[in-house]
Amino acid sequence: MYDKKYDILLLGCTGYTGQMVLEYFLENYEKKIKSEEIKLLCGVRNIKKLDTFLYTIKEKNDVILKKINKKEIDINIYESILNCCKISKVVISTIGPYILYGYNIVKACVEGGCHYVDVCGEHNFILNIYKEFNNIAIEKKLKIIHSASFISAISDIGNFIMQEEFFRQYKKTCPVIKIRLCNEGNNLRTIGKTTIKSALLFKKYIKNNYHKYYLCDNKYDVQYKVSGNNYLKKPKEIHTNSFLDYEKEFGYCFDTSYSNIEEAYVLWSNYLLNYKYGKDLVINYKQYDTHLSTSMYIFKKVCGKIFNFFQSFFFMDYLINKYIDLFYKPKTMNELKKAYWKCIIVGEDNDNDEEKKKKSIYLYLSGKNEDPGYLLSAKIISESAISLLKENDLPKTFGVISVSVGKVHGSLARAGKVKNQTPKVPKLDKKKRLTGRAKKRQLYNRRFSDNGGRKKGPNSKA
């Protein structure tokens, strides 16, 4: 891999997410690209469209574009992709929906001998790739990393950090991980058209077969004997939440459309690590709103249920997919730079003993001048690719793997998200030690107190 011509092949750099990835590279690694310390190749279908975008970047940031290598690629032609993968060390793919366009790219990476990273949230695609290419990737010592984006990566890396800290503090793994994303600033965020189309396709193919343990290929299922030697698999029970979901620390909480996706990805990491964190690991992802009143919370819940009811009809998905380009326009990159986000990850013990103080650790993550869905995702996938270039510094974990298992989570530190973010352990309440006059007064009062603790001395209020 060391003798390859290019370091990073970026696919989809004229698309919505791909443009943000390319701009991130040019803003943060311009000197290394200029000196060819990092050789970047942009594979696109239309070079003129790429040139137009590069010109707007140059006008805005005055970056030097001479060292940006460009090559026409048709992702529908396997040989076209394979030729580029053979001359590249790492491939970044932002081309979705992945269930339609991702297979040939991953196959070409495995055959061409290069690492792969994407922002995919389509778990049916991830599971198919895992089943077909995991063993081959291990043999070739390649890392195929899915979901290096805000969705999944933050939860996955947060769980990794929390488990390490929990073991350091309490000498045991953390059985309960709660991920809480603040709803504040949600109006400044957006959803890309390709993301919506990917979600609709995912829903179409999966239907009602999806659950938290989907990526684990039913390895979480429990076998039980029915009669004779017949064994059936009974899926592990998935608990549902009550209508009013209020937490003292956060306020009213509610599920998001991708809560199960987040939880399933972290459980997949645990499965890949041979249940390192235990088979009963609980991952709970929710959004919270500290300023939401009870009446508004009920109103939002009712509206959500009505929307889900209408969305259950096939024609709704058909209309959204067909006319999305006409009635929906996602926010621009400049608009997304006004956004901000905050996420709190809580690690808790599941000990219900009321006499013991509950063990817990808090990890606070936040960002300004970026939305979590796209600008932050562009940072994460870019830095993940940079990490893969330094493969000698990474553990020898290969195959189709998650972000934390691939140990590219240093990418978040370089993106400024977990730098100096030490998990906080709640301090135990300790009695203040009295000294001087206060100590003498305490001793004096004790001499004049009865068995019931009522003070009878000159300083007593009774």
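Pairing each residue of the stretch 358-373 that is surrounded by 13 or more Cβ atoms within 10 Å (Cβ to Cβ) with any residue that is hydroxyl-bearing (Ser, Thr, Tyr), provided the two are 6+ apart or on different chains, yields C-beta distances under 6 Å for 359/170.
So that you can scan it fast, the table gives a plain yes or no per residue for (1) under 18 Å from residue 376 (Cα atoms); (2) touching a Lys or Arg at 6+ places or on another chain (Cβ under 7 Å); (3) at pLDDT 95 or above:
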| site | (1), (2), (3) |
| --- | --- |
| 117 | yes, no, yes |
| 140 | no, no, yes |
| 165 | no, no, no |
| 179 | yes, no, yes |
| 188 | yes, yes, no |
| 192 | yes, no, no |
| 199 | no, no, no |
| 205 | no, no, no |
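The helices (runs of 4 or more DSSP H) found wholly in the stretch 22-94 and carrying at least 3 residues that are more than 27 Å from residue 145 (Cα to Cα) and either of a type in the set (S, T, N, Q) or out of contact with any Pro (no Cβ under 8 Å at 6 or more places or on another chain) (or both) occupy 47-61.
Filtering the stretch 152-168 to residues that are surrounded by fewer than 24 Cβ atoms within 10 Å (Cβ to Cβ) and of a type in the set (A, V, I, L, M) leaves only 161.
Comparison of 22, 11, 26, 41 shows that the only residue that is surrounded by 17 or more Cβ atoms within 10 Å (Cβ to Cβ) and more than 25 Å from the chain's Cα centre (by Cα) is 41.
Could you say which residue among 124, 104 is assigned by TED's automatic domain parsing to the domain that holds residue 11, in contact (Cβ under 8 Å) with a residue 12 or more places away in the chain and either in a strand (DSSP E or B) or not acidic (Asp, Glu) (or both)? Talk me through it step by step, then tell me what you get.
Details: 124 fails: assigned by TED's automatic domain parsing to the domain that holds residue 11.
The match here is 104.
Residues considered: 411, 382. Of these, the only one that is buried (at least 16 other Cβ atoms within 10 Å of the Cβ), of a type in the set (Ser, Thr, Tyr), at pLDDT 90 or above and at negative phi is 382. Only one entry in 196, 206, 179 is under 16 Å from the mean Cα position of the chain (by Cα) and among the β-branched types (Val, Ile, Thr), namely 179. Could you please let me know if residue 38 is more than 21 Å from residue 377 (Cβ to Cβ), among the aliphatic types (A, V, I, L, M) and in contact (Cβ under 8 Å) with a residue 12 or more places away in the chain? No, not satisfied. Only one entry of 204, 171 meets the criterion of being in contact (Cβ under 8 Å) with a residue 60 or more places away in the chain, out of contact with any helix residue (DSSP H, G or I) (no Cβ under 6 Å at 6 or more places or on another chain) and surrounded by fewer than 15 Cβ atoms within 10 Å (Cβ to Cβ), and that entry is 204. Output the residue which, of all residues in the stretch 163-174 that are over 8 Å from residue 347 (Cα atoms) and in a loop (DSSP other than H, G, I, E, B), is nearest to the chain's Cα centre (by Cα). The qualifying residue nearest to the chain's Cα centre (by Cα) is 173.
The values are calculated or read from the model by the stated rules, or taken from the named source; none is laboratory data. Note that the structure is predicted; figures quoted are calculated from it, not measured. Backbone-built Cβ (ideal geometry, glycine too); neighbour counts: all protein chains shown.
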